[in-house]
1. Can you tell me which of 541-548, 258-265 comes out highest on packing, and rank the rest after it, using the mean Cβ neighbours within 10 Å?
2. Note down the nm distance, to one decimal, between modelled labels 7 Å out along Cα→Cβ at D610 and at A803.
3. Suppose each label sits 7 Å from its Cα in the direction of the beta carbon; what would the A193-A69 distance come out to in nanometres?
4. Arrange the peptides 191-197, 741-747, 225-231, 104-110 so that the one whose residues have, on average, the most other Cβ atoms within 10 Å appears first.
5. Please give the calculated 222 nm ellipticity per residue for the chain, where each DSSP H segment of at least 4 residues contributes -39500 (n - 2.57) and the sum is spread over every residue; nearest 500 deg cm²/dmol?
6. For K437, give me every one of the lysines with a C-alpha distance below 30 angstrom, ignoring sequence neighbours fewer than eight places off in its own chain.
7. FRET efficiency for T48 and T149, Cβ-Cβ distance as r, R0 = 35 Å, nearest 0.05?
8. Contact order normalised by length for the chain, with contacts defined as Cα pairs under 8 Å and 6 or more residues apart; what percent is it?
Amino acid sequence: MENDTTMPAHRATAPSRRSVLRGFGALAGAAALAPALPLPARATPASTTTELVERWAVLQTGGPGLDLADAHVAAAVRRVDRAATTVLATLDPSAGRASLWPDLGDWTRSNTVTTTFKRLRSIAVAWATPGTSVAGDAAVADAVADGITWMHDHVYGPGIPRFDNDWDWEIGSASALADTLVVLRTHLGDALARSTAAIDHYTPDPNLWRADRQIATGANRVWIATVVAVRASLDGDEAALLRVRDALSDVDGGGANSVLAFVDGGTAEGEGTGEGFFRDGSFLQHWKHPYNGGYGKELLGTLSSLLHLLGDSPWQVTDPALANVYAWVTDAFDPLMVRGDMVASVCGREIARPSKQGHAATQTVIEGTLRLIPSAPETLAATLTSLVAQWITEDTYRDFLAATTPASVVAANALLAASPTPRGALVAHRQYPAMDKAVHHRPGFAVSVSGYSARVYNYESIQNENLHGWHLSDGMVLLYTDDLGHYSEDYWPTVDAYRLPGTTVDTARLANSANFRETSEATWVGGAAVPGATVGAYGQDLRARGSDLRARKSWFLIDDAVVCVGSGITAPAAGGVETVVENRKVRDGAALVVDGVAQGIGNGWSATLDDVRWCHLSGTAGYVFPDGARLHALREDRTHTWREINIKYGTDTPVTRPYVTAWLDHGAAPADATYAYVMLPAADPDGTRAFAEACGTADGLRILGQDADVHAVALGGTLAANFWAPASVPVGAGVPGEGGALHADGPASVVVHESGVTEWTRPTTVAVSDPTQTRDQVVVDLNRDGLRFVSADPGVTVTRQGAGWRIVAATAGLAGATVTASFV
């Protein structure tokens, strides 16, 4: 993880108000309430910095009591051993060497410094871990100590100029060196002080970082605070440990950049940077990039370790906002994890790193949550335990116990040995207004939708990474199925980046990193979600960057159907515009059936198919085109390298993967083009055909609006509408609002949902939001008789309007959140 050295700077300034955040809060005494779970208990209370160092050493090695008879523990130790012996074999011990490793000699790249220290750490950890082939080997310890001395003499220390990326000097290299010093401290003797002084030179303050001393925020603040804490523990620097405690709350900055408080919590005066966790579960870093699966997960993983280090000590964190950390797990991570995978739209540029595929992101979340459980309040500990048990057991693609560290294996083994009841598969619809994302979980599949707006950046491409992320937020729809490795196994370098599923794009070729870190001119991105149901409306006023393409796009996610509607697709100067229905990396022999006819399965097959009503791709989903469509389809093997999308970390080895792509061609310079199709991930071919045949009937899907003012659909007991402007939706027999209309006074997202009809009652929820996040109120008229008002959320007023109801939602300050009114 590295930072953009060119992002706008927030320098340290005097706060307008200081917040006192040091008092005892809800979490101060929480450890006393923790249940007697058979977990590796939090380390016993510590009163000295020496005891803190011992705690940190156990996190690195798993501790001296590792049960090597346990298969998973033994395998974890072997992984530690293999990592160390691999790099130890090529370590250059010669006196005249220009680097410690022959492949790490480019001293213009700061990553060379970090990687060198990481290799030294891997050797030192293996030396300190019982059961490795180098455990306790004095010659190995000497080799590491010698390597550290060489680095201080030539590269890393006071008086030696830094170069390239500040992250490597103050976080990457410093943290790797600090870990090494902890496990090797008894062997280093007087040399230890030289190393801690070097760390302190680069990372002296847990609040500020970079050569020009900017305010550190988000994950960066936690990283540097942890570096300072470990260094201070080694030096016995108690004053620095107090600064670390206070830095997490940003006491110096009046709390404006607290990593514990929600960014939109309203607890600190001043804007801060807007980076961190939001109450809706969103996480932004680098100002406006959605990053739960990147910086967010690193913040959780590192903070959990730091809390473990300082807990039950004179330096423990007592900020009441510490309780928010548990909400991060349940709201900011759990809904964005799909059976071990992390929704790619919140992983930033990490999707372009080969080392981050294969469910790697969720490993950090699980490890961090394991470290939080022992000192969580009883109810929360039970919730987190149930979540971890679910996460570990449901990921059949990547075995967490076969990939994590010895310390986390010990913790996970203890948790699973208690036979906790896993939470169960997640069934939920969740929207994240603060980062323009939505996710929809149903039995057997999940769908994510990725947009961007005037509030959120489109994609990140710094440090020569994620070079082809152009369309990641142009309405990308990712489908997660039983093929748990779909977005692993080289998906991102091999997929056609101009045809990401769900997107509407100008087909013009773009330069690497073109138009990255840009916001849209549009504010209308978001939707409304029905609480307690898997029903929601989502939409995007798409205004493409680097193109004159404009489009209005909606997704109506109603249980097992995702209805995709587009209108106003206009691009006067475009040579071609497409809407991509699907672009799937398929397993061998995946059958494509179109209107009941099997299509070619050979590489290179392509076709243009007229008046298509439905198609089905085995192992993926069914697709229905209610009005018929001219569908273009292609089956191809795509060969590319990771270096094409990531110069910094990519490899030059060609990889080939088979794809089936289907798209709608709007032609050159389209004007007010439209589309409508339905994704049915749970349907087989017969179910897909049946859905298609029912379209337009009272029992099937009906498209009620598809123009410049409104997109609206009715399906089953749900009427969902995205209003781009004041408009009415006429409704007819068999749908909510029979014989009447649904009207909104301006931009809004509205869902009318019947949760179940009996002989006596028809419970109905009306969900309303302002996706533009600019309106003071939204007025919705539901002209439907026979409904009795029951209740409404605060800020929602419901009054009679003729035979129906007028719903006035005060939306100022809601930041796109949904409010509801209930009827029967």
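A short reminder: the numbers here are calculations on the coordinates, not readings from a lab. Just so we're clear, the structure is a prediction, and the values are computed from it rather than from any experiment. Every residue, glycine among them, receives a Cβ derived from its backbone with ideal geometry; neighbour counts consider all protein chains shown.
1. Ranked from most to least packed, the peptides come out as 258-265, 541-548.
2. Each label point lies 7 Å from its Cα, and together they span 4.5 nm.
3. Simple spin-label model gives 4.6 nm for this pair.
4. Packing proxy ranking, top to bottom: 225-231, 741-747, 191-197, 104-110.
5. -8000 deg cm²/dmol
6. Once the sequence-local lysines are set aside, what remains near K437 is K288, K297, K356, K553, K585, K648.
7. Approximately 0.80, to the nearest 0.05.
8. This gives 9 percent for the chain.
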